[in-house]
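Report on one structure; see the data block that follows.
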Amino acid sequence: MVMRPDEPYYARQYLHWILPELSSRYDNRKIQILDLGCGQGRLSLPLAGWCASGGGRVTGIDFVSSAIEKARGYAAQRSLSNVTFEQNDLLDFIQKKADGSADAILLIEVTFILPSYREVLAEIFRVLRPKGLAFIAFRSQYYNLLHTIRGRNWDGAKMALEQWEGHLFGGSSWFSWQTPEEIHQLMDESGLHLLDLRGIGISSGIEGDPLVAIARPSELSPKEQENLMKIECTLAEHYAACGRYILATAEKSL
């Protein structure tokens, strides 16, 4: 797949948490999965490969048409017939889905640039079947604080401390960021029952990240990557607030 060089490492880190949760509830792998903000299929494609033997299906949605076209090409290369990709606005798409029509929904690394994320969270609750799972990755407050402090953006740092959204770096780009406490509140508001919070990339980063000075996965040997993965996964729950993203695992419990 054509992607940024560090993405495969973080895809593996997400799947380290997502696949065991799905396997424990859907051991027959007959499952309907929605991947909202799927990009080029970084997670959609391995999930489709995982559930293919049980008749499961994955639908990936993204607003960027070029990403969708690439995802379709990669699915064809892998001969995956149980995954479809659609270019659409995430809120528009999920608002048209029937109640209780999905077993699992992913919203990974999307909320921080999605002004309608609260509405999308409410729709995720509606569309999930009872006991269905949601995997949502929020940008952490800590990560944005590191960015603003490194750039000596003191107004941005003050904003990151006092607010949960805004034009953090100036200009027209809007962002949101969360702490574990804020994520608990968001889950309560949406009706989802929070199961776990885990930090993704708590001691590493991609190009441009403050944490890249500690470790950049693509610059490590395979053995070093494995060592880093073990450390980050071992500490993921204890240091959830310190991740580049905070992965929330939640269920629809009635």
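Coordinate-derived values only; no laboratory data. From a predicted model like this one, the values you see are computed outputs, not experimental measurements. Quick reminder, even Gly has a Cβ in these numbers, built from the backbone with ideal geometry, and neighbours come from all protein chains shown.
Remarks
- Sequence of Y143, Y9 once ranked by neighbouring C-beta atoms within 10 Å, starting from the fewest: Y9, Y143
- Centre separation in Å (Cα based) which lies between the stretch 203-217 and the stretch 239-254: 21 Å
- Restraint check, K96/K158; K97/K131; K96/K252, Cα-Cα greater than 27 Å: K96/K158
- Ranked W177, W17, W154, criterion: other C-beta atoms within 10 Å, fewest first: W154, W17, W177
- Distance between the stretch 120-145 and the stretch 20-71 - C-alpha centres, whole angstrom: 16 Å
- Cα-based helix-to-principal-axis angle, 141-150 vs the chain, degrees rounded to 10: 40 degrees
- Length-normalised contact order for the stretch 48-198 - Cα pairs under 8 Å, 6+ apart - percent: 18 percent
- Förster radius 41 Å - calculated FRET efficiency between K223 and E181 (Cβ-Cβ, nearest 0.05): 0.65
- Shape category assigned to the stretch 2-123 from the gyration tensor of Cα positions, a/c cut at 1.5: rounded
- Which of K223, K158 has the fewest Cβ neighbours within 10 Å, and the rest in rising order: K223, K158
- You can think of it this way: the chain between D27 and M3 has 5.6 nm of extra reach, that is 0.36 nm per residue less the Cα-Cα gap.
- Acute angle (nearest 10 degrees) that the helix 7-25 long axis makes with the longest principal axis of the chain, alpha-carbon atoms: 50 degrees
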